[in-house]
Amino acid sequence: MYVATKGGERAIEAAHQWLAEARRGDPAVPELSIAQIREQMTLAVNRVMAEGSLYDPDLAALAIKQARGDLIEAIFLIRAYRTTLPRFGGALPVETDEMAVTRRISATFKDVPGGQVLGPTFDYTHRLLDFALMADGDAPQAARKPAETQPVPHILQLLDRDGLMEPLTQGEATPPDLTREPLEMPADRPLRLQALARGDEGFVLSMAYSTQRGYGRTHAFVGELRIGTCAVEMEIPELGFAVEIGEIELTECETVNQFTGSKTEPAQFTRGYGLVMGQSERKAISMSLVDRALRWDELGEENTGAPAQDAEFVLYHCDNIQATGFLEHIKLPHYVDFQSELELIRKLRRDAGAETCKEAAE
Amino acid sequence: MSIPSEDQLLRRSRMGLLARANPQRLAALMPDLPAHAWLRAPEIGTVMVRGRTGARGAPFNLGEMTVTRCSLRLEDGRVGHAYVQGRDRNHATRAALIDALMQGTEAARIEADLLLPLRAEEDERRTARAEKAAATRVEFFTMVRGED
């Protein structure tokens, strides 16, 4: 069976021209600048950086503009760009203890050193459309209050001190990297956290929600949720010591989960952990719930067959670029495949028809 | 890695300040670039950012960030290095030049004209952010019930 393999070029070119025109929209409306997207669509920019797995607000803003606001398409552009860059090395782990917090809340303790800091949150807004934003207004100003710039300690250290939290395990200085080695099962916790950190927010959210509804229930409390900036340090071979190479915004969530103990462990609280680039607390909380659900085996819990307990299911389906790549490829020409299906159906019907004729004749 | 000397600590803090500096602001403070030869021309790449499981446990890979690096030599032989966040080659060039210049007689002038304002502006930004955060700190109070 021969199919046309040429002839689409002119149509494709015209389609891309139209795409460019459609991207621009009505020329009577001023064009968006990259800086406008970066400054005013910040949370979209943050999501593209987190799931594109590349911290660069300008590039993420460019990708959003190019993708006409389709965030998965924008993430795809960032992932593709990332592969063109050399990697200089790995940074030292960020010290979130040192984070300059803009938001820091705990659902487990009311009075904590450093206090509950709400930050620029949507919480407690009424979720009513604000028509004032349709008009140009003066730039709003945040309230201020004298402050110390000391870092605030992690709240779970209070429980650590009393020996009520499971101890943390230390690992390899160079963690496994799924961008260098294919993701294989069983995946250890550092590898799972990497996959979740770049995983699709919607997918990770739904998985986390399923654990709350009873599929692999882990009774999570948000011990602490913090958003702020952290220094990134790297050892520089030319110098022989580590220097700060920049500063990034992060969202961190630590959950405290009930654990009644096992044969070897006393009753204590266990941990779920979420860390995401940018300001994204929905994703960070979701990540920590899913992280905790995936730890059933090491904690000696029952596998109830819940989707969120199945590392292979979660990790192989959380990447929206892999998912969309495989999903969307089915819209591309499959003429030959389909021709053979068509032939098969026709043959089956012919055979069945011949049968029926024979039966009728008998 | 041994305990860093005082000079190393100062250099470290300087390089951090330059890496975090706004490239446009740095360019405005340092319009003229002294002659230099490349040991490594500015190059854009990434660095893998890492987190720690449970904030203090085993490291894991969080994702990458863009970084520009370069190394250069001044005419008198002093060498400067830079690793700065983002993709601005001029930013890395200026950072490396300052790193080299700070190893000689220009140090005091550069400290006063360049590093001091950068540090002051950064402190101001950080204070502003901390003050806005402080204004959103919840002050709990207990509702006083009636007598009896």
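Residues checked against (1) under 22 Å from the mean Cα position of the chain (by Cα); (2) surrounded by fewer than 22 Cβ atoms within 10 Å (Cβ to Cβ); (3) of a type in the set (Val, Ile, Thr); (4) assigned by TED's automatic domain parsing to the domain that holds A:Met49:
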| site | (1), (2), (3), (4) |
| --- | --- |
| A:Ile155 | no, no, yes, no |
| A:Asp188 | yes, yes, no, no |
| A:Leu191 | yes, no, no, no |
| A:Gly216 | yes, no, no, no |
In region A:193-204, what residues are surrounded by 18 or more Cβ atoms within 10 Å (Cβ to Cβ), in a helix (DSSP H, G or I) and either touching a residue at least 60 places away in the same chain (Cβ under 8 Å) or more than 14 Å from every other protein chain (Cβ to nearest Cβ) (or both)?
-> A:Leu193, A:Ala195, A:Leu196, A:Ala197, A:Glu201, A:Phe203, A:Val204
Read through the list (1) surrounded by 15 or more Cβ atoms within 10 Å (Cβ to Cβ); (2) of a type in the set (Ser, Thr, Tyr); (3) under 30 Å from A:Phe241 (Cβ atoms), then give the number of the only condition that A:Ser106 fails.
-> (3)
Residue that is nearest to A:Gln150 (Cα to Cα), among those in region A:227-275 that are outside any strand (DSSP E or B) and hydrophobic (A, V, I, L, M, F, W, C) = A:Leu239
Filtered residues of region A:88-105 (kept if among the polar types (S, T, N, Q) and within 20 Å of the chain's Cα centre (by Cα)) = A:Thr96
Would you mind stating whether B:Ala37 is more than 7 Å from every other protein chain (Cβ to nearest Cβ) and over 30 Å from A:Val256 (Cβ atoms)?
-> yes
Are any residues in region B:108-135 in contact with a helix residue (DSSP H, G or I) (Cβ under 7 Å, 6 or more places away or on another chain) and surrounded by 15 or more Cβ atoms within 10 Å (Cβ to Cβ), and if so, which ones?
-> B:Ile110, B:Leu114, B:Leu115, B:Leu118, B:Arg119, B:Glu122
Restricted to region A:85-100, and to residues that are crowded, with 20+ Cβ neighbours inside 10 Å, within 7 Å of chain B (Cβ to nearest Cβ) and in contact (Cβ under 8 Å) with a residue 60 or more places away in the chain, which residue is farthest from B:Ala82 (Cα to Cα)?
-> A:Thr96
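Quick grid of which residues meet (1) in contact with a strand residue (DSSP E or B) (Cβ under 7 Å, 6 or more places away or on another chain); (2) buried (at least 16 other Cβ atoms within 10 Å of the Cβ); (3) under 26 Å from A:Leu158 (Cβ atoms):
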site	(1), (2), (3)
A:Glu252	yes, yes, yes
A:Thr264	no, no, yes
A:Gly278	yes, yes, no
A:Ile285	yes, yes, yes
A:Asp291	yes, yes, yes
A:Gly305	no, no, no
A:Asp310	no, yes, no
A:Val314	no, yes, no
A:His317	no, yes, no
Do we have A:Arg161 as under 21 Å from A:Thr270 (Cβ atoms), charged (D, E, K, R) and in the same structural domain as A:Cys230 (by TED's automatic domain parsing) here?
-> yes
Could you list all residues from region A:124-149 that are assigned to a loop (DSSP other than H, G, I, E, B) and more than 11 Å from every other protein chain (Cβ to nearest Cβ)?
-> A:Thr125, A:His126, A:Arg127, A:Leu128, A:Leu129, A:Asp130, A:Ala135, A:Asp136, A:Gly137, A:Asp138, A:Ala139, A:Pro140
Output yes when any residue across region A:159-167 is hydrophobic (A, V, I, L, M, F, W, C), at the interface with chain B (Cβ under 9 Å from one of its Cβ atoms) and assigned to a helix (DSSP H, G or I), and no when none is.
-> no
Which is at pLDDT below 95 and assigned to a helix (DSSP H, G or I), of A:Lys283, A:Lys347?
-> A:Lys347
Kindly indicate whether B:Ala55 is free of Cβ contacts under 8 Å to residues at least 24 places away in the same chain, of a type in the set (A, V, I, L, M, F, W, C), within 7 Å of chain A (Cβ to nearest Cβ) and in contact with a Phe, Trp or Tyr (Cβ under 8 Å, 6 or more places away or on another chain).
-> yes
Please work out if A:Glu172 is over 27 Å from B:Arg125 (Cβ atoms), in a loop (DSSP other than H, G, I, E, B), out of contact with any Pro (no Cβ under 7 Å at 6 or more places or on another chain) and among the acidic types (Asp, Glu).
-> yes
In region A:126-138, is there at least one residue being loosely packed, with under 14 Cβ neighbours inside 10 Å, under 21 Å from the mean Cα position of the chain (by Cα) and aromatic (Phe, Trp, Tyr)?
-> no
When you look at A:Asp177, is it outside any loop (DSSP other than H, G, I, E, B), surrounded by fewer than 20 Cβ atoms within 10 Å (Cβ to Cβ) and not basic (Lys, Arg), yes or no?
-> no
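The values are calculated or read from the model by the stated rules, or taken from the named source; none is laboratory data. Keep in mind the model is a prediction, meaning the values are calculated, not measured. Every residue, glycine as well, gets a Cβ built from its backbone with ideal geometry; the counts of neighbours run over all protein chains shown.
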